[in-house]
Amino acid sequence: MSFSTQDRAWMQQALTLASKATMATSPNPRVGCLIVKDGQILGQGYTQPVGQAHAEVMALRDAASHGKDVRGATAYVTLEPCSHFGRTPPCANALIEAGVARVVAALEDANPQVAGRGFALLRGAGIAVEYGLMAHEAREMNLGFFKRMETGMPWVRLKMAASLDGLTALPNGQSQWITDAVAREDGHRWRARADAIITGIGTVLADDPNMNIRLPEGSAHQPRKFVLDSHLRTPVNAKILSGAPVTIVHSVRDEQLESALQQAGAHLLCLPAEQGQIDLPALMLALGAQHINEVHLEAGAKLSGAFITAQCVDELIVYLAPKLLGAGMPMFALPALQTVAQATQLHVVDVRQVGTAIRIVARPQCTK
């Protein structure tokens with residue numbers, strides 16, 4: 001479809017609105033809506049926390065609060081308006097009842113309950129519908145939602161901090177701090193995007209982390225935490241058991257250990273093991289079934305390498321600090337290769353300096 005320069009400018013503003021919903025909407029997608037008539041913005045809004053109004057309804061309410069008549073207007077929305085009754089009524093019906101004349105959307109909704117039905121409702125009511133404008137940008141904003149809808153699994157983002165020679169800790173295990181405070185704060189902002197944080201029992205035993213979000217401005221959002229602990233070795237006084245809900249993912253059954261962890265506030269998830277390790281694809285399906293869109297993985301070399309080997313990593317966030325450690329622990333424990341051609345090929349999405357570190361965002365080529 002052909003879109004004007006002005007259409008693009010309005011959609012960009014709708015995307016900016018959607019970005020304000022980054023930490024609030026899961027399992028729903030992050031959506032922004034702008035209602036425009038005769039070159040003037042009448043109303044704007046973005047998706048509210050689950051169970052509350054979606055972007056289109058917020059924009060219509062905004063217009064009404066200012067006494068604006070939206071009849072004949074164009075609604076720019078970053079995702080197809082929903083057509084089904086969920087926790088809230090259909091947004092497509094709200095736009096129809098409001099009398100808008102045109103809807104420009106970035107993408108068709110991947111939710112099978114919608115998937116073109118919203119557009120069909122609008123067209124059936126005589127509203128002009130166009131979509132595909134800035135589709136890539138809109139999908140990037142909701143990578144986890146689209147992956148879960150299309151595969152049943154969440155988007156997994158692996159974060160790692162290392163020295164320039166690729167080491168994450170000294171031989172004695174000391175790792176605080178390889179990167180500076182600016183890079184560490186940036187890492188917390190990536191955590192804040194996620195619905196869940198995963199780490200391994202090795203990290204829990206070595207570092208006793210809390211795995212929460214710590215930002216200067218604070219954060220009302222604390223992702224759920226998952227500890228991969230096949231043999232239930234998590235101490236009942238571990239810091240990770242405080243704060244946001246914690247699930248211990250295990251494969252060995254032990255009634256006494258399970259009871260102790262449950263009394264300490266942990267949830268338990270028992271999954272099958274493959275060669276002594278938790279079946280990671282099975283874990284991803286279990287998380288998808290719990291409506292988790294995005295996972296933030298912070299773990300040691302062994303678990304991080306296992307996720308990569310199992311092809312369960314969609315994106316890597318690597319901070320390289322301007323330090324040379326000389327000897328120590330590597331970023332990833334990966335199986336030895338026979339040829340360079342067997343290497344995991346990555347597509348670099350972004351490279352920039354964050355504090356004194358270089359931050360690289362890369363994806364396995366099959367997920368770029």
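Below, the figures for the structure above:
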{"quantity": "Positions within the stretch 29-68 being among the charged types (D, E, K, R) and either touching a residue at least 12 places away in the same chain (Cβ under 8 Å) or buried (at least 24 other Cβ atoms within 10 Å of the Cβ) (or both), in sequence order", "calculated": "30, 37, 56, 61, 62, 68"}
{"quantity": "Count - residues of the stretch 20-49 that are closer than 23 Å to residue 64 by Cα and of a type in the set (Ser, Thr, Tyr)", "calculated": "2"}
{"quantity": "Residues located in the stretch 182-220, provided they are assigned to a loop (DSSP other than H, G, I, E, B) and of a type in the set (Asp, Glu)", "calculated": "195, 208, 217"}
{"quantity": "Number of positions in the stretch 86-120 that are open to solvent by 50 Å² or more (accessible area, probe 1.4 Å), over 17 Å from residue 72 (Cα atoms) and part of a helix (DSSP H, G or I)", "calculated": "2"}
{"quantity": "Residue among 30, 71, 61 that alone is under 26 Å from residue 147 (Cβ atoms) and either in a strand (DSSP E or B) or charged (D, E, K, R) (or both)", "calculated": "30"}
{"quantity": "Segments classed as helices (runs of 4 or more DSSP H), wholly inside the stretch 249-344, with at least 1 members that are under 24 Å from the mean Cα position of the chain (by Cα) and of a type in the set (Gly, Ala, Ser)", "calculated": "280-289, 301-309"}
{"quantity": "Counted residues, the stretch 142-165 - those being out of contact with any Ser or Thr (no Cβ under 6 Å at 6 or more places or on another chain) and either part of a helix (DSSP H, G or I) or open to solvent by 20 Å² or more (accessible area, probe 1.4 Å) (or both)", "calculated": "14"}
{"quantity": "Any hit, the stretch 329-336, residues being open to solvent by less than 70 Å² (accessible area, probe 1.4 Å) and farther than 28 Å from residue 252 by Cα", "calculated": "yes"}
{"quantity": "Answer residue from the stretch 345-368, given it is among the charged types (D, E, K, R) and either loosely packed, with under 11 Cβ neighbours inside 10 Å or under 14 Å from residue 317 (Cβ atoms) (or both) and is nearest to the chain's Cα centre (by Cα) among those", "calculated": "363"}
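The values are calculated or read from the model by the stated rules, or taken from the named source; none is laboratory data. Given the structure is predicted, the values throughout are model-derived calculations rather than measurements. Note that we place each Cβ from the backbone using ideal geometry, even for glycine, and neighbour counts take in every protein chain shown. The area values use the complete protein model at the heavy-atom level, side chains included, leaving out ligands, DNA and RNA. Shrake-Rupley method; radii C 1.70, N 1.55, O 1.52, S 1.80 Å.
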